[in-house]
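Novice: Sharing a structure below in structure tokens format, with a few things to ask.
The values are calculated or read from the model by the stated rules, or taken from the named source; none is laboratory data. Keep in mind it's a predicted model, so treat the numbers as computed, not measured. Heads up, the Cβs are rebuilt from the backbone with ideal geometry, glycines too, and the neighbour counts pull from every protein chain shown. For the accessible areas, the whole protein counts, side chains as well, though only heavy atoms, and no ligand, DNA or RNA atoms are used. Shrake-Rupley method; radii C 1.70, N 1.55, O 1.52, S 1.80 Å.
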Amino acid sequence: QVQVVESGGGLVQPGGSLRLTCAASGNIFSIYAMNWYRQAPGYQRELVASIYKNGSTNYADSVKGRFTISRDSRKTTVVYLQMNSLKPEDTAVYYCNADKAVTLTTTGDYWGQGTQVTVSS
């Protein structure tokens, strides 16, 4: 069974930084992409950043130049989201998604429980 766990959320002042970590586990052979989504109260869940199996990345316009997604150099199923110059509008629950995770018996999409990020003075 694939599990996805996020960590690193918290309260930060505007202009500050946080780093989120996402770890996928469960005898995974490969993952097509690992994605960070976020959902603020009253808003739909939105895609923030993606890192693909080939290492390419993609970002929402609202976070370009401020957020960086990366993969652990030793564990390809661990990814990070470095968030700099945070704004109050970045406040949301951040979710990690493992897209098309392949194991011996299954291929599927898996989600973590989410981690709260609050940007406030």
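Novice: Check whether at least one residue in the stretch 70-84 is in contact with a helix residue (DSSP H, G or I) (Cβ under 8 Å, 6 or more places away or on another chain) and open to solvent by 30 Å² or more (accessible area, probe 1.4 Å), and report yes or no.
Specialist: Checked the stretch 70-84: no residue is in contact with a helix residue (DSSP H, G or I) (Cβ under 8 Å, 6 or more places away or on another chain) and open to solvent by 30 Å² or more (accessible area, probe 1.4 Å).
Novice: Are any of the residues in the stretch 91-114 charged (D, E, K, R) and touching a residue at least 60 places away in the same chain (Cβ under 8 Å)?
Specialist: yes
Novice: While we're on this one: Kindly provide the set of residues from the stretch 68-81 that are in contact (Cβ under 8 Å) with a residue 24 or more places away in the chain and assigned to a strand (DSSP E or B), ordered by number.
Specialist: Across the stretch 68-81, the qualifying residues are 69, 71, 78, 79, 80, 81.
Novice: Moving to a separate point now. Here are some conditions: (1) within 15 Å of residue 5 (Cα to Cα); (2) at pLDDT below 95. Residue 73 meets all but one. Which one does it not meet?
Specialist: Failing condition for residue 73: (1).
Novice: For the stretch 60-69, give me each residue that is within 11 Å of the chain's Cα centre (by Cα) and either small (Gly, Ala, Ser) or open to solvent by 30 Å² or more (accessible area, probe 1.4 Å) (or both).
Specialist: 68
Novice: Quick check on residue 56: is it within 17 Å of residue 99 (Cβ to Cβ), of a type in the set (S, T, N, Q) and under 14 Å from the mean Cα position of the chain (by Cα)?
Specialist: no
Novice: Would you confirm whether any residue within the stretch 29-43 is more than 30 Å from residue 120 (Cβ to Cβ) and aromatic (Phe, Trp, Tyr)?
Specialist: Within the stretch 29-43, one or more residues are more than 30 Å from residue 120 (Cβ to Cβ) and aromatic (Phe, Trp, Tyr).
Novice: Based on this model, can you work out whether residue 62 counts as part of a strand (DSSP E or B) and small (Gly, Ala, Ser)?
Specialist: Taking the combined requirement at face value, the residue does not satisfy it.
Novice: Right, something else. Just need a number here: residues in the stretch 88-109 that are under 15 Å from residue 38 (Cα atoms), surrounded by fewer than 20 Cβ atoms within 10 Å (Cβ to Cβ) and in contact with a strand residue (DSSP E or B) (Cβ under 6 Å, 6 or more places away or on another chain).
Specialist: 3
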